[in-house]
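Novice: Here you go, one structure.
Every read-out reported here was derived from the displayed coordinates using simple, explicitly stated rules and does not represent laboratory data. What you see is a predicted model; the values in this text were computed from it and never measured. Cβ sites come from the backbone with ideal geometry, for glycine too, and all protein chains shown count toward neighbours.
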Amino acid sequence: MAVGLLGRKVGMTQVYREDGTIVPVTVIEAGPCTVLQVKTVEHDGYAAVQVGFDDKLSDRDLDRPADQRVRSRASRAERGHVVQLSSSRQKARQAAGIEPLPKADCEPKRFIREFRLEGESGDVEVGQVLDASVFEGVAKVDVVGTSKGRGTAGVMKRHNFAGQRASHGVKKVHRRPGSIGMSADPSRVLKGTRMAGQYGNARSTVRALEIVRIDPENNMIVVKGAIPGPNGGYVLVRPTNKCG
């Protein structure tokens, strides 16, 4: 089953292998994820599984029982995505004999993503809960996250420019980019010229990270190396399709 998981970056540490070598690793809280939709080629034009992670609850509802929660953080549309809500349109569809789509019957989720499937969905059903055990037998994974935002940065930090010389006529422009184009021909700045600007806060993928350990009981997986984003940031983990 080529379905990944959504999770949260916990942080980095290091572990020892059985042969005594030390490995830098990142701990990821992977799941539990609830299957919200199963899309098929006949109905949607493509096969995919939509999963959600992290209940969208207000701070005051975190410690309340399920029957006493207010759900003030979720809109009606978000609630209707996971449970059947009574509405005039729903009643009209039922009167016309149209069966409603299956719902996961769970709390609204903060982080929702889809995983494309090559064939049919197989044994995945709406409402099913996926945990870290889906990666058992998987050697390497791809991790997709949002890199740390660093605001407006100069060319030395953003593009690793060397900067100007420290002396020999250079005055107060040591970190500036220098010339950004020609004067007469073409008399404009070429598209794609590397300059200062927004740095970070972009989707980033790290491919083929080795899985060092899996802890299904605590929904934790440990991968070798670093992944994008801050501690606590949402990430998407999927089996890699990279060869080698």
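Novice: Given segment 96-136, report the % of alpha carbon pairs whose separation exceeds 17 Å.
Specialist: 51
Novice: What FRET efficiency, computed as 1/(1 + (r/R0)^6) with R0 = 35 Å and r the Cβ-Cβ distance, is obtained for Gln14 and Asp44, rounded to the nearest 0.05?
Specialist: Using R0 = 35 Å, I get an efficiency of 0.20.
Novice: State the Kirkwood hydrodynamic radius of the chain in Å, one decimal place, computed from all pairs of distinct Cα atoms.
Specialist: 21.9
Novice: Treating cross-link reach as a plain straight distance, find the lysines whose alpha-carbon is under 24 Å from the alpha-carbon of Lys191, omitting any fewer than eight places away in the same chain.
Specialist: Partners within reach: Lys157.
Novice: At q = 0.23, 0.28 Å⁻¹, what base-10 log of I(q)/I(0) does the Debye formula yield for segment 152-197 when every alpha carbon is treated as an equal point scatterer in vacuo?
Specialist: At q = 0.23, 0.28 Å⁻¹ the computed log10 ratios are -0.88, -1.01.
Novice: Going by Cα centres, segment 1-58 and segment 159-238 are how many Å apart?
Specialist: 25
Novice: Could you order peptides 89-95, 221-227 by the average number of other Cβ atoms within 10 Å of their residues, highest first?
Specialist: 221-227, 89-95
Novice: While we're looking at this one, here's another question. Run the simple label-point estimate for Val129 and Arg176 please: 7 Å along Cα→C-beta, distance reported in nm.
Specialist: Result for the modelled spin labels: 6.1 nm.
Novice: Under 12 Å Cα to Cα from Lys140, which aspartates and glutamates show up? Leave out anything in the same chain fewer than 8 places away.
Specialist: Those aspartates and glutamates meeting the cut-off are Glu210.
Novice: Between Gly97, Gly80, Gly200, find the one with the highest GNM mean-square fluctuation for the chain; connect C-alpha pairs within less than 10 Å.
Specialist: Looking only at Gly97, Gly80, Gly200, the biggest GNM fluctuation is shown by Gly97.
Novice: With runs of 4+ DSSP H residues as the only contributors, calculate the mean residue ellipticity of the chain at 222 nm using -39,500 (n - 2.57) per run, divided by the residue total and rounded to the nearest 500.
Specialist: Here the helix-only value at 222 nm equals -1500 deg cm²/dmol.
Novice: Could you name the lysines whose alpha carbon sits less than 24 Å from that of Lys56, not counting residues in the same chain fewer than 8 places away?
Specialist: Result set, ordered by chain and number: Lys9, Lys39, Lys103, Lys109, Lys148.
Novice: What would the Debye formula give as log10 I(q)/I(0) at q = 0.21, 0.25, 0.27 Å⁻¹ for the alpha-carbon point model of segment 170-244, no solvent?
Specialist: -1.06, -1.30, -1.39
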